[in-house]
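Please read the structure below before turning to the comments.
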Amino acid sequence: MVQGNSAGIIKRISLACRNSSAGLSSCCKALSGLFTAFAFSIDNAVANEGVPFPSSSSLLPNSLSSNDILMVSIFGGAMSFALLSAFWLIRERVRVTSTNQNLKSALADLRVSNDRNAALVTTSDQRIIVWNGEEENPSVLGNLPPSTGAPENKEQFLNFRNWVDPDHFSVFDSQVRNLRINATTFDALLRSKGGGLLEVTGRTSGNHAYIKMRDLVGLREEHAQLQSDFEKLSNSFQKIESLLDKLPMPFWLKDQNGKLVWVNHSYAGALEIENSKDVVKSNLDLFDTDERAKIQKNLDEDALFQKLIPATVAGDRKKLEVFSIASESGSAGMAIDKSDVDDAVRTLEESNESHSRMLDQLATAVAIFDRSQKLIFYNSGFQHLWKLEAPFLDSRPSNEEVLNAMREGKLLPEHPDWRKWLDGQMTIYTAIEPTEEWWHLLDGQTIRVVSSPRNQGGSTWIFENVTERLALESNLNALMRVQGETLDHLNEAVAVFGSNGQLKLFNPALEALWQGIGITVQEDLHIASIIESWQPITNNRGDLEAILGRITGFDDIRDEIEGRMKLEDGRTLQYSLVPLPEGQSMLTLADITANVDFEKALRERAEALEASDQLKSKFIQHVSYELRAPLTNIAGFGELLTSGVTGAMNEKQSEYVSHINLSASVLRAIVDDILDLASIDAGTMVLEYEPIDFAAIANQAFEDLEDAINARHLKTFVNIDESSQTIIADSIRLPQVIRNLLSNAINFSPDHGAIILSAERKDEYHEIRIEDQGPGIPENELRIIFERFETRAADGNQRGAGLGLSIVRSFVTMHGGEVMVEKTSDAGTCFLCRIPVKPHSSNQTDSEPDGVASAA
C-alpha cells in the first residue's frame with residue numbers, strides 16, 4: 001500500500017511540474033506526500049524489526065537497514081529542498097520577466113509623451129523658464145523670435161535688466177520674486193527695450209516654479225498693445241486726476257449733455273458737501289441757472305469761456321473767474337476765486353482815502369464813534385482819506401452810514417456780500433480786544449487799520465500808513481541776507497566784537513580757522529580769552545596787545561590796524577582790525593602761508609635767474625671778445641696769403657685759403673651776432689635814428705651777397721614804393737635785418753630761383769617783404785623759427801648758428817615794429833617786417849614780444 005502510494009505521489013509531482021508557476025503549489029504538495037510515505041515506511045520497518053520492505057518495483061531494494069533508511073531520508077530531504085528552491089526561482093523569474101515587460105512598455109509610453117511635450121514646448125514663439133526649488137540656475141526651454149527683443153543666449157536672456165524695458169522691469173522682477181518665494185502666480189505683459197511685447201504667465205507646480213513667455217502676434221499683439229496703451233492712459237489720467245483733486249480751486253468735467261462726470265475736492269467743498277461722488281451723483285452745479293446758460297452759450301459759439309461770475313462758495317458770495325473749454329466729448333472747467341483780489345483792490349482804495357484823515361499833524365486818519373455808533377470826532381486826515389464832505393461828517397452819521405457813504409462814494413471796496421461784511425465790522429462795538437486789518441491800496445501803499453473798542457462805549461478807528469516801514473524792513477532783511485551770504489562765502493575769517501569786547505558775529509571760515517588752533521567759537525566769547533589762547537602759539541605778542549587794546553579801548557580816534565602774525569606751526573596769518581559804529585570792531589584773518597611761501601620762492605627764483613642771466617651775458621661777452629683776437633689773425637693772414645704778398649700759391653693752396661677765409665667770415669658773423677644779442681639782453685644797445693635811403697640799403701645788401709647769389713644762379717627783384725624810399729631807422733641795424741633775411745632766403749632758395757624784396761607804406765608802418773621760392777616752412781616750426789639757435793639745415797643749403805632770425809626779431813622789435821611769416825607754402829616763404837613811420841620811443845626789447853612770430 002505504501003509502495004502504491006509512493007508511485008502515485010511521484011506521478012503527481014511529474015504532472016504538476018509540467019505546469020509553470022500554476023503547478024508549483026501542486027508540486028510542493030506532491031513532494032510533501034512522498035516524504036510522508038517515506039517516513040511511514042521507515043516507521044513500519046523499525047517496528048517490525050527487520051521485516052522486509054514490500055517491493056513492487058525496482059526503485060527500492062527488497063530490504064533496508066536502519067542506516068539505509070536514514071540515508072534515503074537525508075537524500076530525500078535534500079532533493080526536496082533543491083526542488084523547492086528551483087520551483088521558487090522559476091516562479092520569481094517568471095514574475096520579474098513579466099514586470100520588466102510592463103516597465104519597458106511604460107517607459108516607451110513615457111518617452112513618446114516626453115517627446116510630444118518637448119515638441120509642444122520647444123517652439124519659436126514661446127520660451128519657458130523652470131526653477132527647481134531654491135536652485136538659482138533654472139532650465140530654459142523654447143525660443144522667441146528676434147523681433148521681440150529677447151536675446152537668444154541663455155545667460156543674456158536670464159539677465160532681464162539688460163533687455164526688459166525699465167518701466168516694466170521693476171514690476172516684473174517683483175512678480176518673479178513673489179512667484180519663487182510665495183508661490184504667487186501672475187499674468188502680465190512685458191515690453192522689451194526693442195519695443196516687442198510678450199505675454200508672461202507665472203505658475204507653480206509642486207516644488208517647481210515656471211514662467212512662460214509668448215510672442216504676441218496679430219490680433220493678440222494688437223490687443224496687448226491697446227491694453228498697454230490703455231494702462232498708460234489710465235495711469236496718466238489717474239495722475240492728472242490726483243493733481244486736479246489737490247487743486248485749491250474748483251474743477252469739473254461734464255458730458256455732452258452738460259451733466260457732471262467728475263469734480264474735485266474743492267468743488268465739493270464749495271458746495272459744503274463732503275464727498276465729491278455725491279456731488280456728481282446729484283449733479284449739483286456751482287452756478288445759478290442764468291450763469292450756467294451764459295457759460296453754455298459761449299461754449300456753443302466759441303468752445304471757450306472765460307469771465308468773472310458771482311457764485312456762493314461755502315456760504316459766502318464770491319466772484320470766480322471761470323475758465324471752461326468744450327470738446328466733442330463734453331466740457332471741462334475751472335474756477336479761480338478772485339474775491340480776495342477785488343477785496344484787496346477796494347481795500348487799497350479805502351486805505352488810500354483814509355491815509356489823509358489820520359491826525360492832522362501826523363497825517364494819520366482818526367475817527368471816533370460813540371456807543372450809539374455816531375461819529376463824534378474826525379480829523380482832517382480822515383476827511384482827506386475818505387474824501388467825505390465836511391457837512392456830512394459834521395452831521396454825526398453812524399458808523400454804518402459812514403461806511404455806506406464810503407461805499408457809495410466808492411471809497412470802500414465792493415464786497416460780494418456787503419451786509420455780511422458790514423455786520424462783521426460792527427462787531428467791534430461788542431468786542432473786548434482791538435482788531436487790526438491791513439488794507440492794500442491801488443497805488444502800492446499799505447494801511448494798518450486798527451479798530452479799538454472804547455471803555456465808555458463806541459470805537460476808535462486809526463489808519464496808519466506802514467508802506468515805508470515795510471519797504472525798509474524788506475530792504476533791511478534783504479541787506480542782512482546778502483551780508484550773511486557774503487560773510488558765509490568769504491575765504492577770510494571775519495569776527496565782529498561788540499563794544500564790551502564780546503564776539504557777536506562770525507563766519508564759517510573763522511570757525512574753521514580757530515578750531516585749527518584750538519579755540520572753540522561761540523557767541524559772547526570775550527576777546528581777552530581769545531588773545532590768551534593765541535599767546536602760546538605765536539611770537540607776535542605786540543600785535544595781540546594792539547588788537548586787544550583797540551577792541552576794548554575807549555579812544556576817541558579809532559584807526560584801522562593791520563599786520564601779519566607768524567604761528568609756531570609755520571602758518572602766517574594776515575589780520576586787519578576795522579572800527580565799526582557804536583564801538584564795535586571787525587577783525588578779519590586770512591591764512592596767507594601759501595602766498596608768503598610763493599612770494600619767497602618767486603623772489604629766490606628771480607634772484608637766481610638774474611644771477612644766471614648776468615653770468616651768461618658775461619660768459620658770452622668774454623668768449624666773444626676772446627674769439628675775436630685769434631679770428632682777426634686767421635682772417636688777416638688768410639687775406640695776406642690770398643693777396644700774393646707771401647708768394648704765389650698753387651691751385652690747391654688757393655682753394656684751402658679760400659675755405660679758410662670763408663669760414664673766418666662766417667665765424668666773424670656769428671661772433672658779431674652773439675655780441676649783438678648780448679648787448680640787447682644787457683640793455684646797453686641804443687638805436688640811433690636817422691633818415692635812410694632804403695633803396696641804397698637794398699642794393700648794398702644784394703651786392704654784399706652777390707657771391708652767394710651767383711653761386712646759386714638766383715634772380716633778384718627790388719620793388720620799392722615811393723612812400724618807402726626814405727625810412728627813419730638805425731643805419732646799422734636795419735641793413736643788418738635786411739641782410740639776415742636775404743641770407744635766409746638765399747640759403748633756402750633752389751638753384752635758378754628768384755628772390756623779391758619789396759617795400760611800401762601802409763597806415764603808420766613801412767611794410768618790407770622778402771619772398772623766396774624755397775620749400776616753405778612746416779606749420780609746426782612757425783613758432784620756433786625766431787628762437788635762438790633754431791636752424792633748418794635739413795631744408796637749407798648751408799647750416800647756420802640759428803641766430804639770424806632771432807637778431808632780426810630783436811632789432812625790429814627795438815624799432816617798435818614786428819616781424820612775421822606772412823605766407824608759407826611749397827612755392828616759397830614771405831617774411832614781413834613792419835617798421836613804424838615814426839621813431840619808436842623805447843630802445844628796449846622784450847624776450848617774447850606780442851605778435852612777433854605769428855603767421856598772418
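The values are calculated or read from the model by the stated rules, or taken from the named source; none is laboratory data. What you see is a predicted model, and the numbers here were worked out from it, not measured in a lab. When we count neighbours, we look across all protein chains shown, and the Cβ atoms used for this are built from the backbone with ideal geometry, even at glycine. Ligands, DNA and RNA are stripped out before the accessible areas are found, and what is left, the full protein with its side chains, is counted by its heavy atoms. Shrake-Rupley method; radii C 1.70, N 1.55, O 1.52, S 1.80 Å.
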Residue span Thr646 to Val171: 0.36 nm per residue of separation minus Cα-Cα distance leaves a gain in nm of 159.8 nm
Kindly state, to the nearest 0.05, the FRET efficiency for Ser139 paired with Met79, given R0 = 56 Å and r defined as their beta-carbon distance.
-> 0.40
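Ordering Lys618, Lys504 by accessible area with a probe of 1.4 Å, largest first, what comes out? Spell out each step's value before the answer.
Values: Lys618 140, Lys504 90 Å².
Solvent-accessible surface, decreasing: Lys618, Lys504.
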With a 19 Å threshold on alpha-carbon distance, the violating pairs from Lys239/Lys259; Lys281/Lys319; Lys259/Lys297; Lys246/Lys277; Lys715/Lys762 are Lys239/Lys259; Lys281/Lys319; Lys715/Lys762
Over the heavy atoms of Met426, what accessible area does a 1.4 Å probe trace out, to the nearest 10 Å²?
-> 20
Carbon/sulfur accessible area of the stretch 196-286, % of total, 1.4 Å probe, equals 52
Inter-part gap, Cα centre of the stretch 664-734 to Cα centre of the stretch 163-218, in whole angstrom, is 90
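Could you calculate the FRET efficiency of Ile634 with Lys838 from 1/(1 + (r/R0)^6), where r is the beta carbon distance between them and R0 is 51 Å, rounded to 0.05?
Working: r = 44 Å, r/R0 = 0.86.
Rounded to the nearest 0.05, the efficiency is 0.70.
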Lys297-Gln522 pseudo-label distance in nm [points 7 Å out on the Cα-to-Cβ vector] = 7.7
Cross-link reach list, lysines versus Lys154, counting only Cα pairs under 24 Å and skipping chain neighbours closer than eight places = Lys193, Lys212
Spacing of the two label points (7 Å from each Cα toward its C-beta) at Glu688 and Gln101, in nm = 14.0
If the chain between Val718 and Glu492 were fully extended at 0.36 nm per residue, the gain over the current Cα-Cα distance would be 74.7 nm
For Glu241 paired with Ala827, estimate the spin-label separation in nm (one decimal), with each label point 7 Å from Cα along the Cα-to-Cβ line.
-> 8.0
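Rounded to the nearest percent, how much of the accessible area of the stretch 670-716 (1.4 Å probe, protein heavy atoms only) is carbon and sulfur?
For the stretch 670-716, the apolar C and S fraction of the accessible surface comes to 46 percent.
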Which FRET efficiency value, to the nearest 0.05, is calculated for Leu472 and Asn283 with the Förster distance at 51 angstrom and r the Cβ-Cβ distance?
-> 0.40
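Ordering Arg127, Arg448 from largest to smallest accessible area (1.4 angstrom probe), what's the sequence? It would help to have the intermediate numbers written out before the result.
Working: Arg127 15, Arg448 65 Å².
So, going from the largest accessible area down, we get Arg448, Arg127.
Just how large is the dipole of the stretch 492-605 about the Cα centre, in debye to the nearest 20, putting +1 at every Lys and Arg Cβ and -1 at every Asp and Glu Cβ? Working shown, then result.
Values: 10 positive and 19 negative charges, 64 e Å.
The dipole of the stretch 492-605 has a size of about 300 debye.
On full extension of the chain, what length is gained from Glu511 through Asp255, given 0.36 nm per residue of separation minus the C-alpha to C-alpha distance?
Working: separation 256, 0.36 × 256 = 92.16 nm, distance 6.65 nm.
So the chain would gain 85.5 nm between Glu511 and Asp255.
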